[in-house]
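This report concerns only the one structure given below.
The values are calculated or read from the model by the stated rules, or taken from the named source; none is laboratory data. Remember, it's a predicted structure, so these values are computed and weren't measured experimentally. Glycine also receives a Cβ, built like all others from the backbone with ideal geometry; neighbour counts cover every protein chain displayed.
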Amino acid sequence: MEFDIITIVAIALALIIGFAIYYLYNRYKCSAVDEVYGLLKSIWDTYGERLEKDNPELYAELKSAIVEMDKAMEDKEITIMEAFVIAQAFIPLTKRLTKYIKEKYGA
């Protein structure tokens, strides 16, 4: 089996491009998780006490989300699966929280 220089270069470029795409994809997912985490912490710090009194069910969900995010962020690395799970579970929660806070507190 013969390999010419063009085939070797093409394989090397494909590998480099693949690693670059994986790196960028993983970096994007981690930054999205960081944004969700930051938003949840901000809501917790600002509205946590009021939510506990006004809407205990939503408060319990927020508290659970913060605990789960703290567990995921302990090692400072988020796997792709963790990113998907966090995005699916917590992005809708942040939207509901934001909507509730705007309606209830006018923020």
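Are any residues in region 82-104 modelled with pLDDT of 80 or more and farther than 12 Å from residue 40 by Cα, and if so, which ones?
Residues satisfying the conditions are 99, 100, 101, 102, 103, 104.
Considering only region 48-72, how many residues are hydroxyl-bearing (Ser, Thr, Tyr) and either at pLDDT below 85 or surrounded by fewer than 14 Cβ atoms within 10 Å (Cβ to Cβ) (or both)?
Within region 48-72, residues that are hydroxyl-bearing (Ser, Thr, Tyr) and either at pLDDT below 85 or surrounded by fewer than 14 Cβ atoms within 10 Å (Cβ to Cβ) (or both) number 1.
Restricting attention to region 24-36, does a residue exist that is within 23 Å of residue 89 (Cα to Cα), at pLDDT 75 or above, loosely packed, with under 11 Cβ neighbours inside 10 Å and among the charged types (D, E, K, R)?
no
Please determine whether any residue of region 73-81 is at pLDDT 70 or above and either surrounded by 14 or more Cβ atoms within 10 Å (Cβ to Cβ) or under 18 Å from residue 97 (Cβ atoms) (or both).
There is at least one residue in region 73-81 that is at pLDDT 70 or above and either surrounded by 14 or more Cβ atoms within 10 Å (Cβ to Cβ) or under 18 Å from residue 97 (Cβ atoms) (or both).
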